[in-house]
Amino acid sequence: MSAPPFLVVEGLGVTLAAREVLREVSFALPRRGLVALVGPNGAGKTTLLRALARLLPPHAVHGTVTLDGVDVGTLSIRARALRFAYLPQGHTVSWPLPARDVVALGRTPHGATDPARLTAADAAAVDRAMAAADVESFADRRVTELSGGERSRVALARVLAVEAPVILADEPIASLDPRYQIEVMATLRRAADGGVLVVVVTHDLGLAARFADQVLVLDGGRLVAQGPSDVALTDAILADVFRITAFRAGHDGGVVLVPWSPQ
Amino acid sequence: MMLVVVAAGLAIISLGIGPVRLSPRAVVTALGGGGDAIAEVIVREIRLPRTILAVAIGAILGLSGAALQGLLRNPLASPDLFGAPQSAALGAVLVIALGAADVRSWALPAAAIAMAFVSVFALLAIAGRNASLLLLILAGLALSSLAGALTSLALNLSPNPFAALEISFWLLGSIEDRSFRHVVLALPFIIAGGAILLGRRHAFRVLSLGEEAAQSLGIDVARVRLSVIVGVALGVGGAVAVSGTIGFIGLVAPHLVRPLIGPDPARLLLPSALAGACLLLASDVAVRLIPAAEPLKVGVLTSIIGVPFFLYLIMRERRSLGGAAT
């Protein structure tokens, strides 16, 4: 990708409870595209997303993150919320709210406070997000009554409703069945094609290789590889970082990568 | 809307009940300044402060319960279970035991508010972020036991029976024989605390997504926490300074209105306040109607009704309580 850099990370380090979780991470990402962030458990993937969205205590983070030339550290909490839409891991909803109200919470950074009284612009954004994530058919049902797959699509719609230039999604497909995994990745892919920078944390190297324009590989708090999947997920890196071999093929014009055996 | 009517009706009944019974019509005319001169004195001078306090204290207790449930995303949260009223009572008791001030001075609400603040702050600090239900309730139990133990100590060491009597009053909780002086003492704090809690209502809705998601949507979660602690401390502290501990209204009120209003924690605040006002008005009417050798204290009645309700909630939430332990 030769587009000018949009999200630039330089010398990012995070120290939590006296432990260095991220060390000297630097990379640049373009304005649009789907980026998969992979790495073994404990590599620092979630911490990196939180650092990008400035959800960590400021004293724990050093280095700079700039978005479109603006230092993210200088932004107000609301200005930051308008730029980074964040989907946390697990994404539970504590009260049995209707799905539509949950999606409408995505308009909070735009000043929407009450899902029952949205402005026309906010309501239109909620409708677009619900259509994109295909949740319209159960908009009025309570989220606690939905299946896991339906709930994860509602959570995705909530993130899309922010209409931020950057989406950060932490394991959005964990614990979903294969069909929903593909649907969620395809929805994020469409958002990326529509002009959004999507960074998605996943353990599914196959879906990462298939859907992502770029893959970032983290290991032990360091960035060890970045690039299209044929550059970032080579046999050497899979052996080094994940200690596995992989089966590779092509299908339907796309890349097939299946983790095969431990090394 | 319906709750407003119920609250108004209960308030008029509350004004009419007592050694001299007055019909609702007589109460309304007396309130307006007309009718029988004696009735006017009874209603406006003797019973109105009591009724105002019942409404205000019931409302702030219900509101505090709903706000804590919203903040902690947990239907078992309430000021009583977290030891806030008990600690506020301890503050008031200390002021009296040390002979620091007269029972009607500003020192009393100030001490009650300070202790309520310390207890809620300590609870949230001990339990930590994203605390499980089990952790919160254990920490609350420890704090309310500590406040109770220190109150007993003050009772134990109190130099004269009069002071001991004053102290025991804070443990029972009552709003009988209150004057406008008490209303003036409590109302500013209750209104300030209530306004702070209501001002945060939209944050509670966003918080149903969890603290991290709320933060990512531009909610300053640390500030919301602090303002809830301040709001609950002001409201509950101000209330306890004139009424003593009146338990379980904060826990029960949000549950009464949830089936009517729905689960949205922002929309629940005001109805919970109204339900709290209705509960305390009804309880205060009931203690005057129930024949007993000694006049019943309203705090005793709310606890007798509230604790079985709490047990019922524990049974309903059994699964999540067990799950919280893992």
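To keep it simple, each residue is scored yes or no on (1) in contact with a helix residue (DSSP H, G or I) (Cβ under 7 Å, 6 or more places away or on another chain); (2) surrounded by 17 or more Cβ atoms within 10 Å (Cβ to Cβ).
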| site | (1), (2) |
| --- | --- |
| A:L218 | yes, yes |
| A:G227 | no, no |
| A:D235 | no, no |
| A:A239 | no, no |
| A:A246 | yes, yes |
| A:G250 | no, no |
| A:G254 | yes, no |
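Across region B:206-255, the number of residues qualifying as in contact (Cβ under 8 Å) with a residue 60 or more places away in the chain and more than 23 Å from B:D80 (Cα to Cα) comes to 2.
Of all residues in region B:18-43, those satisfying the criterion of being surrounded by fewer than 18 Cβ atoms within 10 Å (Cβ to Cβ) and of a type in the set (V, I, T) are B:V20, B:V28, B:T29, B:I38, B:V41. Give region A:192-201 a look and list any residue that's at pLDDT below 95 and either among the hydroxyl-bearing types (S, T, Y) or surrounded by 20 or more Cβ atoms within 10 Å (Cβ to Cβ) (or both), or say none. Of everything in region A:192-201, nothing turns out to be at pLDDT below 95 and either among the hydroxyl-bearing types (S, T, Y) or surrounded by 20 or more Cβ atoms within 10 Å (Cβ to Cβ) (or both). Filtering region B:1-52 to residues that are within 21 Å of B:I175 (Cβ to Cβ) and hydroxyl-bearing (S, T, Y) leaves B:S14, B:T51. For region A:217-237, the condition of being assigned to a strand (DSSP E or B), acidic (D, E) and assigned by TED's automatic domain parsing to the domain that holds A:L176 holds for at least one residue. Of all residues in region A:49-100, those being crowded, with 17+ Cβ neighbours inside 10 Å, modelled with pLDDT under 90 and among the hydroxyl-bearing types (S, T, Y) number 1.
This table checks each residue for (1) of a type in the set (K, R); (2) within 27 Å of A:G194 (Cα to Cα).
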{"residue": "A:P4", "(1), (2)": "no, yes"}
{"residue": "A:V14", "(1), (2)": "no, no"}
{"residue": "A:R50", "(1), (2)": "yes, yes"}
{"residue": "A:A53", "(1), (2)": "no, yes"}
{"residue": "A:V61", "(1), (2)": "no, no"}
{"residue": "A:G69", "(1), (2)": "no, yes"}
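B:L98 meets the stated requirement of being out of contact with any helix residue (DSSP H, G or I) (no Cβ under 6 Å at 6 or more places or on another chain) and farther than 15 Å from B:L279 by Cβ.
Scanning region B:165-178 for residues that are surrounded by fewer than 16 Cβ atoms within 10 Å (Cβ to Cβ) and small (G, A, S) yields a total of 1. So, of the residues in region A:101-126 that are more than 23 Å from the chain's Cα centre (by Cα) and of a type in the set (S, T, Y), which turns out to be modelled with the highest pLDDT? Here the answer is A:T119.
Residues in region B:115-135 that are surrounded by 18 or more Cβ atoms within 10 Å (Cβ to Cβ) and either modelled with pLDDT under 80 or among the acidic types (D, E) (or both) were compared, and the one that is farthest from B:G210 (Cα to Cα) is B:A127. Which of the residues that make up region A:164-182 are within 14 Å of chain B (Cβ to nearest Cβ) and either under 15 Å from A:A53 (Cα atoms) or of a type outside the set (D, E) (or both)? The answer is A:A164, A:V166, A:I167, A:L168, A:A169, A:D170, A:P172.
Within region A:45-99, restricting attention to residues that are of a type in the set (K, R) and out of contact with any Lys or Arg (no Cβ under 8 Å at 6 or more places or on another chain), which residue is nearest to A:G111 (Cα to Cα)? My answer is A:R78.
One residue stands out in region A:148-163 among those that are within 14 Å of chain B (Cβ to nearest Cβ) and not aliphatic (A, V, I, L, M): the one that is surrounded by the most Cβ atoms within 10 Å (Cβ to Cβ), namely A:R158. Looking at B:A66, B:A54, B:A77, B:A59, just one residue is within 14 Å of chain A (Cβ to nearest Cβ) and at pLDDT 90 or above, and that residue is B:A66.
Just one residue in the set B:G210, B:G199 is under 30 Å from A:R107 (Cα atoms), touching a Ser or Thr at 6+ places or on another chain (Cβ under 7 Å) and within 14 Å of chain A (Cβ to nearest Cβ); that residue is B:G210. Would you mind finding the one in A:P96, A:P58 that is closer than 23 Å to B:P265 by Cα and within 14 Å of chain B (Cβ to nearest Cβ)? After applying the criteria, what remains is A:P96. Considering only region A:17-28, I want to know if a residue exists there that is in the same structural domain as A:A225 (by TED's automatic domain parsing), touching a residue at least 40 places away in the same chain (Cβ under 8 Å) and either in contact with a His (Cβ under 8 Å, 6 or more places away or on another chain) or within 13 Å of A:I167 (Cα to Cα) (or both). Within region A:17-28, none of the residues are in the same structural domain as A:A225 (by TED's automatic domain parsing), touching a residue at least 40 places away in the same chain (Cβ under 8 Å) and either in contact with a His (Cβ under 8 Å, 6 or more places away or on another chain) or within 13 Å of A:I167 (Cα to Cα) (or both). The residue that is nearest to the other protein chains (Cβ to nearest Cβ), counting only those in region A:99-118 that are without any contact (Cβ under 8 Å) to a residue 12 or more places away in the chain and in contact with a helix residue (DSSP H, G or I) (Cβ under 6 Å, 6 or more places away or on another chain), is A:T113. Being among the hydroxyl-bearing types (S, T, Y), over 28 Å from B:V93 (Cβ atoms) and assigned to a helix (DSSP H, G or I) is a property that B:S272 has.
The values are calculated or read from the model by the stated rules, or taken from the named source; none is laboratory data. This one's a predicted model, so the numbers in the text were calculated from it and none came from an experiment. Cβ atoms come from the backbone with ideal geometry, glycine included; neighbour counts cover every protein chain shown.
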